[in-house]
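Structure record follows, encoded as structure tokens.
Throughout, read-outs are computed from the coordinates displayed, never taken from laboratory work. If you're wondering where the values come from, they're calculated on a predicted model, not measured in any experiment. Neighbour counts run over all protein chains shown; Cβ positions are idealised from the backbone, glycine included.
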């Protein structure tokens, strides 16, 4: 079974400000080289004080439209696939529609599966082309605001970024295989406890600011992911009689250097076919996979008919894998 | 075109505590009858202090499973279609998977279009049956925590509630028509500014608690909705050569008494075919439409082949309409 889908244009956007690991060392009174050694990151980008999420996402949308040779008038549906809300209400896609600065109403909604949101949205979009011709899938993740710098090991790997992808149906190529799983035994391993209806400034008596920081139990997360991800990949591929030898390119979620290294080692992957932009981009949450896909589409020698495996983990814990045959 | 979909079981859940408008009058030092007169509500339900959203949603899921004569093992995919997050990270469907208390991993993700989330999820689910046999669509809205009682006109219409719906493919019946629009010119008319990455306790210097209250500009919202909703309904029906005479039942979002009255008046609707549970349930956000659908499915004389119009507005501003032919 194949759900036809082509990418007409993919845009990415990085904040203006690059923050080098050496700068973090200085700020945190650490020995030079410490942050890079711990995180594997040379630099990451964060929104500057005079820069907004609106600008960040608008820039990505502009590139996607230019690459697709389309205008806002050609978009029929918006899926916002960002990990966190802009505000609790309304939904993120309404904000995105506002950014498009058009009076024309459009279908729009959010899909959320934390770091796998865009991957899940890509799969859902492939099933919506009987209703919409061109679908805009966006992500705009600005985790900086939720980082607790007393823990460099966690805070040091994240980065802000936005992406926009315009997809439509296709005569050839598309999704050969998609598989998603949620293992909620790891629900507590990655979380921001605040920002929802469970804990609010009205019902929480402690320091609410702390509750709005991202928490990660890296050890438990790594252990669970290592157990379930390789098996999940194998099982997913086998369901369509595929093996890793059939895959031409791998676009993994840029979760962390250790997660990427572990995946390469355990699956005996050829590094030259795997997109690894972690060192200079960090973990950009839901924007990570489309950001790496941008590198594949526009900087690598990708050919029609090749099979691309998009794969990763998310908070939840979620697992996701899509095999997309290049149109 | 018809996307086959049947509802195997629908469960609803109300908190234990009913709060009567007369009680609010006393609490707010208002003349007896004031709150009911302003809101049109006799009572609404709110989570009690010893009651959790976990319990509320679990109860609805239990009823859905019982009605569908299925067990948790029969569910292949969870779509959480709640308006607000439980916590900022992970996504709500991971929390739902945790509530199911199963070791078996499952596909799961969130869909958000505020008050129209379940309607949008119902439409999306109808396109996923090549991947999943039985899909559980849930909503669990607890707006009480975000209500500002200094404004009875807004706070007084909302209520807590949860629903769970198990859907699968069908040999007959299904979605004949679905249409969704976002008009972001009304983005600011219904909002909770806090709870997202735009405003956090780290970047906001004012009283963050106030930012986590629901704000509604009722007049502007009513004006915009009155302008666009009747036209949207007409246009949607006309796209499939349907008129209101073809519709057997109407299940509207229970937005407010005035919005329901206006819809009945402007569209010259037959009240006896319209499900109105507002007076005793209030606006239960995304849970409102499925809550009203529960009344139709299990308390009315609904027949195979009849056409049900599910319709409403959401923050955003969103519009949504689905015509579902009863299997």
**Request:** Spot the failing condition for residue A:277; the list is (1) touching a residue at least 40 places away in the same chain (Cβ under 8 Å); (2) touching a helix residue (DSSP H, G or I) at 6+ places or on another chain (Cβ under 6 Å), and only one is missed.
**Result:** (1)
**Message:** Regarding the range B:47-61, can at least one residue be identified that is more than 13 Å from residue B:165 (Cα to Cα) and touching a helix residue (DSSP H, G or I) at 6+ places or on another chain (Cβ under 7 Å)?
**Reply:** yes
**Item:** Test result for residue B:123, in contact (Cβ under 8 Å) with a residue 12 or more places away in the chain and assigned to a loop (DSSP other than H, G, I, E, B)
**Value:** no
**Request:** Select from the range B:50-78 the residues that are more than 26 Å from residue B:255 (Cα to Cα), within 14 Å of another protein chain (Cβ to nearest Cβ) and surrounded by fewer than 21 Cβ atoms within 10 Å (Cβ to Cβ) and list them in ascending order.
**Result:** B:50, B:72, B:76
**Asked** Has the range A:85-107 got any residue that is surrounded by fewer than 17 Cβ atoms within 10 Å (Cβ to Cβ), over 25 Å from residue A:211 (Cβ atoms) and out of contact with any helix residue (DSSP H, G or I) (no Cβ under 9 Å at 6 or more places or on another chain)?
**Response** no
**Message:** Exactly one of these conditions fails for residue B:225: (1) in contact with a helix residue (DSSP H, G or I) (Cβ under 6 Å, 6 or more places away or on another chain); (2) surrounded by 20 or more Cβ atoms within 10 Å (Cβ to Cβ); (3) more than 10 Å from chain A (Cβ to nearest Cβ); (4) in a helix (DSSP H, G or I). Give me its number.
**Reply:** (1)
**Prompt:** What about residue A:259, is it surrounded by 13 or more Cβ atoms within 10 Å (Cβ to Cβ), touching a helix residue (DSSP H, G or I) at 6+ places or on another chain (Cβ under 8 Å) and closer than 21 Å to residue A:155 by Cα?
**Reply:** yes
**Prompt:** Of all residues in the range B:4-43 being within 14 Å of chain A (Cβ to nearest Cβ) and buried (at least 20 other Cβ atoms within 10 Å of the Cβ), which is nearest to residue B:129 (Cα to Cα)?
**Reply:** B:5
**Fill in**
Taking the range A:155-170 and keeping residues crowded, with 20+ Cβ neighbours inside 10 Å, touching a strand residue (DSSP E or B) at 6+ places or on another chain (Cβ under 6 Å) and part of a loop (DSSP other than H, G, I, E, B) leaves A:157, A:159, A:160
**Complete:** Scanning the range B:208-221 residue by residue, the ones that are more than 9 Å from chain A (Cβ to nearest Cβ), surrounded by 17 or more Cβ atoms within 10 Å (Cβ to Cβ) and assigned to a helix (DSSP H, G or I) total 1
**Complete:** When restricted to A:134, A:205, A:151, the only residue more than 8 Å from chain B (Cβ to nearest Cβ), in contact (Cβ under 8 Å) with a residue 60 or more places away in the chain and either farther than 22 Å from residue A:84 by Cβ or surrounded by fewer than 22 Cβ atoms within 10 Å (Cβ to Cβ) (or both) is A:134
**Prompt:** Looking only at the range B:171-198, which residues are farther than 27 Å from residue B:303 by Cβ, out of contact with any strand residue (DSSP E or B) (no Cβ under 8 Å at 6 or more places or on another chain) and more than 7 Å from every other protein chain (Cβ to nearest Cβ)?
**Reply:** B:185, B:186, B:188
**Item:** Those residues of the range B:135-154 which are over 22 Å from residue A:109 (Cβ atoms) and touching a strand residue (DSSP E or B) at 6+ places or on another chain (Cβ under 7 Å), in sequence order
**Value:** B:144, B:147, B:154
**Request:** Residue by residue through the range A:28-37, note down the ones that are free of Cβ contacts under 8 Å to residues at least 12 places away in the same chain and either touching a strand residue (DSSP E or B) at 6+ places or on another chain (Cβ under 7 Å) or assigned to a helix (DSSP H, G or I) (or both).
**Result:** A:37
**Request:** Starting from the range B:103-120, keep only residues that are facing chain A (nearest Cβ under 7 Å), then list their pairs with residues that are in a strand (DSSP E or B) and surrounded by fewer than 24 Cβ atoms within 10 Å (Cβ to Cβ) whose Cβ atoms are within a distance under 8 Å, requiring at least 6 positions of separation or different chains.
**Result:** B:105/A:181; B:106/A:181; B:106/B:77; B:107/A:179; B:107/A:181; B:107/B:77; B:108/B:77
**Prompt:** Which residues, taken from the range A:126-152, are under 21 Å from residue A:56 (Cα atoms) and in a helix (DSSP H, G or I)?
**Reply:** A:143, A:144, A:145, A:146
**Item:** Residue check for residue B:146: within 9 Å of chain A (Cβ to nearest Cβ) and either on the phi > 0 side of the Ramachandran plot or out of contact with any helix residue (DSSP H, G or I) (no Cβ under 8 Å at 6 or more places or on another chain) (or both)
**Value:** yes
